[in-house]
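To keep things clear, I will list the structure first and then write my remarks on it.
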Amino acid sequence: MFIKKHRKLFIIFLTGLILLGLIIGFTSLNAYNIRRSELYVYLSDLDRKLEKLQQSVTASPESQPDLLETIDSIRAYNNSVTNNLNLLERSTLRRELTELTLDAVLITALETIYLRHSRGLDSNREHEFIARVETLLQENSRVLSEARQIKSGTFGRLLVPLNVEVLAENYQQINRLATFYMRYNRLPEELAPVHLDQLEVQIREIWGAETAIVDFPDHLNRNIDQGFTYVFEIRDQGQRIQGQVDAYSGQILFLGRDVIEYETDGETHPMYPLQEDLKALLTRMYGPEYTFSITPKSINHELEVEAGAQLYTFAIEPRLNGYRLETRPLLARFDAYTGKLVALTPSISVPDNPVNTEITINRAAARQVIAKEAEFRETVIIPSRVSGDWVLAHMFNAGGDQIYVDAQSGERVYYNPAKIVP
């Protein structure tokens, strides 16, 4: 009845609604078309950079192009491609729990391989690494090339999704290859994760309580084939401590309370017994061959906590045969009222193999290796890129740069940051 009475108005309204829908539809389609056009520009740029990286991977050390600039460009283009993906392509990345990312550790791995080559130390492992990275980069170039073959201005570019799953998987394999090579000096198939039963016993022994319950929550450990750590939980006498352990070396990387609720009043525990407890924990964690210099910091050191809370903080410096391990600062925090551990972070990576701490090249002779003015700082134990292990080295400051010289061979030592827990 209403429609019949106001038929003319209804037709006008319906026509306007259709026109509005068409305008919105055409506007959205035009915006989508612009984004897809930008996507294909970035795909073209990315493809060129991947080809350049392929050339870099197989180049000799003498003709090695600028890896940093090339990989930085690839990472920037990956971000631009990601920002212009459609909903289907984005959902694919979310479903696979991955992204278009090439990690900077590839730069370190390639530079290390070239260093080893220059000293005649490269092996089948290095050759296999180069071959695999080249193959994965070629596969990504093929995916990009196929996408770019779709003619511009056609519905194909609007409707055919980019094969982001293959791109992301290949990047992930390259990142995993590089991380394995730098952290463990191995290829992925050369190492298997430590069995959870073995880790459970080891963590309980380190914690120092036979009755403690150690769990590895399934929902936090589903993607060990993509990552490098297990997440665990310790339940002991009302305490709940979470941690991370390296899945392949078995080294504990972090310990901390899962819920941070600090006491705010009461009588505080003396610091010295807590330091002794900490030394005992560190000795169980890293072995009796290590000593630890523990320095108390101020109450609530570099923390913002609720009023009344008091946390003791200890800075820990690991040493082996008197020499400091050149690693990240290790901090431990305790609740001053309860005397309970709050956090031990970040943890350290320690040598897998025995370290020769005999000096055959003194610091004066080591100084001659450096071509510019340099000031001796100290003799330390550092992770070496070339050897894949830790070595004793003389450390010099040369114009703000840290330079290391092997205390046995007298050769320049290049620091391996991948050996340090992130």
(message) Once you place label points 7 Å from the Cα toward the Cβ at Asp389 and Glu139, how far apart are they in nm?
(response) 3.4
(request) Could you tell me how many degrees, from 0 to 90 and to the nearest 10, lie between the Cα long axis of helix 105-118 and the main elongation axis, the longest principal axis, of the Cα atoms of the chain? (result) 60
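Say R0 is 51 Å: what FRET efficiency, to the nearest 0.05, do Gln408 and Leu87 get from their beta-carbon distance?
Details: r = 59 Å, r/R0 = 1.15.
Using R0 = 51 Å, I get an efficiency of 0.30.
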(request) Among the aspartates and glutamates, select those whose C-alpha is under 20 Å from the C-alpha of Lys49, and discard any that sit fewer than 8 residues away in the same chain. (result) Glu38, Asp66, Glu69, Asp72, Glu99, Asp103, Glu111, Glu134, Glu139, Glu146, Glu165, Glu169
(request) Could I have the simple spin-label model distance between Ser118 and Val355, label points 7 Å from Cα toward Cβ, reported in nm to one decimal? (result) 2.4
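On full extension of the chain, what length is gained from Asp197 through Thr101, given 0.36 nm per residue of separation minus the C-alpha to C-alpha distance? Provide the component values of the computation, followed by the final result.
On the way: separation 96, 0.36 × 96 = 34.56 nm, distance 3.35 nm.
Extra length available between Asp197 and Thr101 comes to 31.2 nm.
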(message) Can you compute the modelled spin-label distance between Arg377 and Val160, with each label point 7 Å from Cα toward Cβ, in nm?
(response) 5.4
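I'd like the carbon and sulfur percentage of the solvent accessible area for the chain, probe radius 1.4 Å, heavy atoms only, ligands and nucleic acids excluded. The partial results should precede the final answer.
Working: 11580 of 22290 Å².
The nonpolar share, carbon plus sulfur, comes to 52 percent.
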(request) Specify which labelled value, from (i) 355; (ii) 170; (iii) 242, agrees with volume of the Cα convex hull per residue in Å³ derived from the coordinates of the model shown. (result) (iii)
(request) Show Glu200, Glu302, Glu233 ordered by accessible area, largest first, where the area counts protein heavy atoms only and the probe is 1.4 Å. (result) Glu302, Glu200, Glu233
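Rounded to the nearest 20 Debye, what is the dipole magnitude of the chain about its Cα centre when Lys and Arg each give +1 and Asp and Glu each give -1 at the C-beta? Don't skip to the end; give the middle numbers.
Numbers: 44 positive and 56 negative charges, 464 e Å.
Here the size comes out at about 2220 debye.
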(request) Compare the Cα positions of Gln242, Leu97, Tyr77 along the charge dipole of the chain (+1 at Cβ of Lys, Arg; -1 at Cβ of Asp, Glu; about the Cα centre) and return the one farthest towards the positive end. (result) Tyr77
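Output the antiparallel fraction of DSSP beta bridges having both residues in the chain, as a percent to the nearest 5.
Numbers: 54 of 56 bridges.
Counting DSSP beta bridges with both partners in the chain, the antiparallel share is about 95 percent.
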(message) Just to confirm my numbers, what's the Cα centroid distance between region 373-422 and region 179-218 in Å?
(response) 29
(request) Pop the C-beta distance of Tyr272 and Asp236 into the FRET formula with R0 = 35 Å and round what comes out to the nearest 0.05. (result) 0.95
(request) Treat every Asp and Glu Cβ in region 72-195 as -1 and every Lys and Arg Cβ as +1, leave all other atoms uncharged, and give the resulting dipole magnitude about the Cα centre to the nearest 20 debye. (result) 240
(request) Give me the accessible area of Arg119, 1.4 Å probe, in Å² rounded to the nearest 10. (result) 70
(message) I'd like to know which of Ala212, Leu121, Ser409 lies farthest towards the positive end of the charge dipole of the chain, counting +1 on Cβ of Lys and Arg and -1 on Cβ of Asp and Glu.
(response) Leu121
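Taking only protein heavy atoms and a 1.4 Å probe, what accessible area per residue, in Å², does region 175-243 have with all protein chains in place? Don't jump to the answer; show the numbers that get you there.
On the way: 3620 Å² over 69 residues.
Per-residue accessible area for region 175-243 comes out at 52 Å².
Tell me, what is the per residue accessible area of region 315-422 in Å², probe radius 1.4 Å?
Details: 4640 Å² over 108 residues.
In whole numbers, region 315-422 has 43 Å² accessible per residue.
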(message) How much accessible area per residue does region 82-124 have, counting only protein heavy atoms and a probe of 1.4 Å, in square angstrom?
(response) 51
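Full extension from Ser293 to Phe216: what is 0.36 nm times the residue separation minus their Cα-Cα distance, to one decimal in nm?
Numbers: separation 77, 0.36 × 77 = 27.72 nm, distance 3.18 nm.
Taking Ser293 through Phe216 to full extension adds about 24.5 nm, to one decimal.
The values are calculated or read from the model by the stated rules, or taken from the named source; none is laboratory data. Note that the structure is a prediction, hence the values are computed from the model and not measured. Positions of Cβ are backbone-derived with ideal geometry, glycine not excepted, and every protein chain shown enters the neighbour counts. Accessible surface is based on the protein model in full, side chains and every heavy atom, while ligands, DNA and RNA are left aside. Shrake-Rupley method; radii C 1.70, N 1.55, O 1.52, S 1.80 Å.
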